[in-house]
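Written out below as structure tokens is the structure these notes cover.
Please treat every number below as a calculation from the coordinates, not as lab data. Computed from a predicted structure; not experimentally measured. Glycine also receives a Cβ, built like all others from the backbone with ideal geometry; neighbour counts cover every protein chain displayed.
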Amino acid sequence: MEYLKAEEEGDQREPVSPTGQFLNSEALSLCILGVLELGVPISIDESHVDSLVKEVFLPTNPRFSSIMLYVETRKQVEDENGEKQWKRVEVKIRDHIKIPIFPSGRSPKIYDKYIDDYISDISIEKLPLTQPLWQIHLINYPTSNSNAVSTVIFKFHHSIGDGFSLIGVLLSCLQRADDPSLPLTFPSVPLSSTNKDDMSHHSNGLFKNLSRIFSVVTNTVSDFYWSIVKSSLLEDDMSPIRSGIAGVEFRPFSVTTMTFSLDHIKQIKSNIGATLNDVLTGIIFLGTRLYMEENSEGSSKANSTALVLLNTREFRGYVPIKEMIKPDSKTPWGNCFAFLHVPLPKLTDDDSNSYSNPLEFVWKTREIINAKKSSLGVYLTGRLLQVLKKLRGPEAAARYIHGTLKNVSMGITNLMGPVEPMTLANHPVTGLYFMVVGAPHSLVTSIISYNGKLRIAIGAEKGLIDAQKLKSCIENAFQTILKAACDDT
């Protein structure tokens, strides 16, 4: 620990949030990868990289200059109440910058494979607890994705913050390509209910309000009970998308991405009266079920569940990082998310609801998600974790979350990206995606918008899931749903 030392003004310490403790524990260790694809080669001048990290990246949040305390036995230090702490340290930047070397003179398709394997490797590797929990990987090789000439991968530990927080950090380090003096802008975020919906609730009379309250109570009891059962007792069926192997989070996985037009997704949304999340989740679910059926006849009827991550912030638009870290922020820094257990709708025997009318699949998905959102199950689950932490310690709560992740088949999370093209230190960003790694399930998917496009990234367990075939099935699901939505109008 010679290269780490406390700042001169004293031994600065802050408590780690409860969720931060859960996500960096013996039972669970999650990280977030943010991938920027660039249109020009990276300048690998060490002094320039050091300067950018020191002057632009590190000042965004003190967590990037902090470690979780530990002792020489490598056991993490806890205070009298059993709470882990952040300690400010001097950062040795060169320890955090990684520059892989691949064979030269290969085609972009070959480098796709190299980078796929590299991402798999760094996802499995744990970040050293002896230094702040982040890394930057500079890859100066062309790929076929987004016509990229080079790639920058940011790896953050999830205990620092969730994807919303960490993507916000990346965006604070980027500039608009057309005019760096102007701020980046983002797609508007629709509320969960429109003004029209809210007005109808007030005007429908006492009976409707009582019916709505009864529905919320019923959904809450059902959702909370189901969440406990799924996290503790009941696992999804083994299937072409779930191996159920213990320690699956440490197995190699393949990464593939696909790009859709944001206008096409909005067109589907408008034509069928759903939200963007409904449409995207429905497309992924249908594509996944089609993949399952192609690989093993009848497996599309397996009991399969997705954990859909829900941003629980009061205001879900991005704000400057300095606003996020204020104590009373409505868009706070940290881990502000919850899991929704969403069962994948099953394909029917006659295919009538999934091929002939693929929109029915989106509507089923929307119905399930709306029922989940109209309950207080997420709040009660949060309270349960607090009780577990108080009575049995952070590790017990972490084990419960690990069970929640382990017993399902896949995870889905999505974020908004900027509308305008961006640059990183005058390097044009041609593509952007992210991924949560370290979760104990065989399939993870993530979605982010950027410059009029939606990028879906898939992390699939090698030896179990054919990532390219799954990609093809999801693309096919998108085309069939788009065609059906246009024909329906």
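The relative contact order of the chain, computed from alpha carbon pairs under 8 Å that lie at least 6 residues apart in sequence, is 24 percent. On alpha carbon coordinates alone, what is the Rg over Rh value for the range 375-424, Rh being the Kirkwood radius? Ratio of gyration radius to Kirkwood radius: 1.22. Summarising the label geometry, the points placed 7 Å from Cα in the beta-carbon direction at E297 and K266 lie 4.4 nm from one another. Here's the picture: charge each Lys and Arg Cβ at +1 and each Asp and Glu Cβ at -1 in the chain, and of P15, P320, L233 the one pushed furthest to the positive end of that dipole is L233.
Rg/Rh, computed from the Cα trace of the range 16-176 with Rh as the Kirkwood radius, has the value 0.99. For the range 250-308, GluC sites (Glu not before Pro) are listed when DSSP marks them as loop and at most 14 other Cβ atoms sit within 10 Å of their Cβ; the list is E297. Each of L286, L262, L210 was scored by other Cβ atoms within 10 Å of its Cβ. Listed from fewest to most, they are L210, L262, L286. Fully extending the segment from E367 to L184 would add 62.5 nm, taking 0.36 nm per residue of separation and subtracting the current Cα-Cα distance.
Which of I136, I465 has the fewest other C-beta atoms within 10 Å, and how do the rest follow up to the most? Please report the intermediate quantities before stating the final value.
Numbers: I136 19, I465 24.
Fewest-to-most ranking of I136, I465: I136, I465.
Exposure proxy for D178, D95: other Cβ atoms within 10 Å of each Cβ, ordered fewest to most, give D178, D95. When the alpha-carbon atoms of the chain are used, the pair Rg, Dmax equals 22.7, 72 angstrom. With a Cα cut-off of under 25 Å and a minimum spacing of 8 residues unless on different chains, the lysine pairs in the range 397-489 number 9.
Report, for the chain, the % of DSSP beta bridges that are antiparallel, rounded to 5.
Expressed as a percentage, antiparallel bridges in the chain total about 85.
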